[in-house]
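Below is one structure; the comments refer to it alone.
Since every read-out is calculated from the coordinates, none of them should be taken as a lab result. This one's a predicted model, so the numbers in the text were calculated from it and none came from an experiment. Don't worry about glycine lacking a Cβ; one is built from the backbone with ideal geometry, like all the others, and counts go over all protein chains shown.
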Amino acid sequence: MSTNTPTPGGPSLPQERRLVTAIPGPKSQELQARKTAAVASGVGTTLPVYITAAGGGVLVDVDGNSLIDLGSGIAVTTVGNSAPRVVQAVQDQVAAFTHTCFMVTPYAGYVEVAEALNRLTPGDHEKRTALFNSGAEAVENAVKIARTHTKKTGVVVFDHAYHGRTNLTMAMTAKSMPYKSGFGPFASDVYRAPLSYPFRDDQLDGATAAARAIDVIEKQVGADNLAALVIEPIQGEGGFIVPAAGFLPALQDWCTANNVVFIADEVQTGFARTGAMFAVDHDQVVPDIIVTAKGIAGGLPLSAVTGRTEMMDSAHVGGLGGTYGGNPLACAAALAVLETIEADGLVDRAAKIGSLMTSRLHALQERDSRLGDVRGRGAMIAVELVKAGTTEPDADLTKQVAAAAHQAGVVVLTCGTYGNVLRFLPPLSISDELLEDACNVLDDVFAATK
């Protein structure tokens with residue numbers, strides 16, 4: 001169970017899975033009781049263990065348990081928790097100043113992050129960037145920019161999509177429970193098109209799936225009414241669905257031909273997560289606008305909208321911004337994250353993690369037909385669980401497997417429209433030994449779960 005392989009870029013925590021109490025332990029249970037008494041019940045927790053330290057590939061809780069982290073705070077701590085460059089950059093910045101509001105008295109960090117994103121995001125065209133706080137806030141601003149640029153209002157999103165919890169992004173999100181149920185009415189002029197979902201549409205090729213989606217868009221919305229098409233290159237909460245090859249390029253071509261802004265929501269997929277700096281790179285797609293967040297700043301709240309200059313500059317002065325957008329601490333962290341990704345070769349590391357995990361999961365799939373599909377790219381991997389020998393979703397099995405993994409000291413997440421997908425988002429600082437140990441746990445869990 002124990003490994004002590006050095007973990008590049010991570011704090012000097014022992015890199016081991018260690019259980020000294022049941023999960024959750026007594027101190028975590030005490031804190032969970034306090035949470036119940038103090039925090040709104042609508043704020044849930046996947047695993048009620050309370051963390052005191054994290055780094056490399058582990059989370060250490062208040063009871064002394066060390067858990068393998070296959071969640072990265074939902075793809076946020078991509079470079080590792082408390083990564084040294086990030087820690088140092090934030091410490092230096094917090095000693096200088098914590099806030100001035102960029103819209104009042106600006107500072108270099110915001111400009112430097114914008115310059116870096118303009119350089120790193122796909123395409124060699126001229127770009128501009130605006131910074132915000134959350135993925136949902138960035139998605140909303142991307143839609144605002146598309147509407148003011150095109151002078152049109154319609155927005156197309158896709159089946160199984162997740163774009164956030166604000167009013168507009170709830171309208172753009174497909175799954176009702178828990179994200180939308182009871183919270184309407186929602187923003188109007190949002191339309192949904194069918195996604196390419198190879199496991200569930202008989203392996204329909206990408207071009208044909210795109211033609212199907214475009215047919216729906218043209219009939220139900222009309223290009224003359226459509227400001228933007230917004231899509232996750234690999235869906236996140238929807239189930240880590242990787243569209244068939246050719247799907248994204250065909251949609252982009254249609255958007256270009258019809259004065260529709262192609263917006264890539266890379267909130268979960270961006271910044272080396274998929275074995276490329278951005279997931280659209282796998283399909284050689286260059287979005288008009290790209291939305292990023294999560295992994296951008298190592299755990300500090302930051303998001304960005306980066307796009308073609310003529311689009312980004314279409315909003316009037318004062319039309320974009322926010323009190324905390326591009327906070328100096330978050331900007332310092334983001335610059336350190338980008339330096340870490342490039343200096344430590346984390347794009348290649350994500351690809352290696354993906355190869356290791358998919359190999360183990362495919363081997364498990366050969367032994368257990370309840371693993372209906374193994375999919376993903378880089379360190380963004382999922383298994384879709386089904387009733388044995390069928391494609392019928394098995395949400396109950398998914399819950400059982402996740403709960404058993406948690407009890408064994410491995411943090412896994414679930415997702416999917418049908419609640420039947422296990423998703424794995426390990427930090428790129430995790431060791432191969434910890435990954436192998438986590439996969440061994442999953443093997444044991446599936447063998448014991450009937």
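Annotation: extensible slack from residue 188 through residue 450 equals 89.8 nm (criterion: 0.36 nm per residue apart, minus Cα-Cα distance).
Of the trypsin sites (Lys or Arg not before Pro) found in region 98-189, the ones in coil according to DSSP and having at most 13 other Cβ atoms within 10 Å of their Cβ are 151.
Among 157, 401, 216, the largest mean-square fluctuation in a Gaussian network model of the chain (Cα springs under 10 Å) belongs to 216.
Shown is the FRET efficiency for residue 359 and residue 317, computed with R0 = 56 Å from the Cβ-Cβ distance and rounded to the nearest 0.05: 0.60. Counted by Cβ distance under 14 Å from residue 127, the other residues give a net charge of -3, where Lys and Arg count +1 and Asp and Glu count -1. Using only Cα atoms, locate the centre of region 366-437 and the centre of region 302-346, then give the distance between them in Å, rounded to an integer. Here the two parts' Cα centres lie 32 Å apart.
Note on region 14-91 and region 177-214: Cα centroid distance 34 Å, given to the nearest whole angstrom. In straight-distance terms, cross-link reach from residue 27 covers every one of the lysines whose alpha-carbon lies under 18 Å from its own, apart from those fewer than eight places away in the same chain; here that gives 35. Candidates 95, 78, 185 compared by Cα position along the dipole of region 76-214: farthest toward the positive end lies 185, with charges placed on Cβ.
In region 42-86, whose amide N lies under 15 Å from the spot 7 Å out along Cα-to-Cβ of residue 94? List them in ranges. Zone members listed by number: 53-54, 82-86. Sorted largest first, the principal axis extents computed over the alpha-carbon atoms of region 253-401 equal 59, 40, 29 Å.
Within a straight-line Cα-Cα reach of under 30 Å, residue 450 can be paired with the following lysines, leaving aside sequence neighbours fewer than 8 residues apart in one chain: 175, 387, 399.
For region 317-395, the pair-distance distribution built from all alpha carbon pairs, in bins 5 Å wide starting at 0, is 3, 13, 14, 12, 11, 10, 9, 10, 9, 6, 2, 1 percent.
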